[in-house]
1. How far apart, in nm, are two points set 7 Å out from the Cα along the Cα-to-Cβ line at Ser87 and at Ile120?
2. Tell me the relative contact order for segment 89-209 as a rounded percent, counting alpha carbon contacts under 8 Å between residues six or more apart.
3. Summing +1 for each Lys or Arg and -1 for each Asp or Glu, what net charge is found among the other residues whose Cβ lies under 13 Å from the Cβ of Met95?
4. So for the chain, taking the charge dipole from beta-carbon charges (+1 Lys/Arg, -1 Asp/Glu), which of Ile133, Thr2, Val55 sits furthest toward the positive end?
5. Could you grab the Rg to Rh ratio for the chain? Cα atoms only, Kirkwood for Rh.
6. Kindly put Leu106, Leu119 in sequence by how many other C-beta atoms sit within 10 Å of each C-beta, fewest to most.
7. I need the helices of the chain that pass two filters: whole DSSP H segments spanning 15 Å or more by Cα along the axis, and mean Kyte-Doolittle score no lower than -0.5.
8. Can you give the net charge of the other residues whose Cβ lies under 15 Å from the Cβ of Trp195, counting K and R as +1 and D and E as -1?
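Where a number appears in this text, it was derived from the coordinates with a stated rule and is not lab data. Just so it is clear, the model here is predicted, and its values are computed rather than measured. Here the Cβ positions follow ideal geometry from the backbone for every residue, glycine too, while neighbour counts run over all protein chains shown.
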Amino acid sequence: MTNITVYGTPISTYVRTVRLLLEEAGVDYRLQDVDFFKGETNTPEYRAKHPFGKVPVLEVDGAVIYETAAIVGYLDAVVAANKFTPSDSLLQARMRQIMGIIDSYLYSLAISTIVIQRLIVPRQGGQPDEEKIQNAIAPAKTAVEAIEAIAVGSPYLLGSEITIADLYLIPIFIYFSRTPEFQAVTVQTPKLLTWWNHASNLPSIKKVSS
Ligand SMILES: N[C@@H](CCC(=O)N[C@@H](CS)C(=O)NCC(=O)O)C(=O)O
């Protein structure tokens, strides 16, 4: 595999998931900035790569892949010999459950609602919608506690090896942990807090956060 390009803005959590895998695998790649805040995901050229106008997109030797789960599954198989997927079937199911919980529930509550309202809206001169934030806390707590219930938690979410589940949750926690709501949502998830103390120090995080 010679040419790997990741399309997407570096602040995106899903772009960071893909980049964390590449960094952890020690694989060279090119990051092509596509900033959705500037409408760059709406051009005909970009829509030809991703019909839904989201980031990330992966291009490998001319093949285009979108949807983060598909991208990281592919990269894990072809550049990392499945190092980031547990061989045990139950742990593999747990990993996919955590990815699903994040995709279907946690991302929209923690990032699209709480982080956007608490951190981004004020930066753009607006007032956070407190009702939206309050309404997101209980379901976000349910999502985080669902991950807690199936996580091993030490040192990685599913035990001794880092998996794609960690690479999904790390970018969410990077932003979410900067909000005051994080404490209320994680008050009953001691395993995840221990995990975060350790995972937040991974050197690969610095590389994808700049
Ligand atoms: N299902 C997609 C979700 C990707 C996604 O939501 N990306 C966000 C950034 S983290 C995005 O492109 N947002 C821009 C927008 O919605 O316009 C995946 O797994 O890749």
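1. So the two model labels end up 4.1 nm from each other.
2. Numbers: 118 pairs, mean separation 36.9, N = 121.
So the answer I get is 30 percent.
3. Details: positive: Lys83, Arg94, Arg96; negative: Asp76, Asp88, Asp103, Glu161, Asp166.
Here the charged neighbours net out to -2.
4. With unit charges placed on the Cβ atoms, the residue in question is Ile133.
5. Working: Rg = 16.9 Å, Rh = 17.7 Å.
Here the Rg-to-Rh quotient is 0.96.
6. Numbers: Leu106 25, Leu119 15.
Exposure proxy ranking, most exposed first: Leu119, Leu106.
7. On the way: long enough: 13-25 (18 Å, 0.22); 68-79 (16 Å, 1.70); 89-101 (18 Å, 0.38); 130-150 (31 Å, 0.09); 164-176 (19 Å, 1.95).
Result, helices passing both filters: 13-25, 68-79, 89-101, 130-150, 164-176.
8. Details: positive: Arg94, Lys191; negative: Glu145, Glu148, Glu161, Asp166.
Net charge around Trp195: -2.
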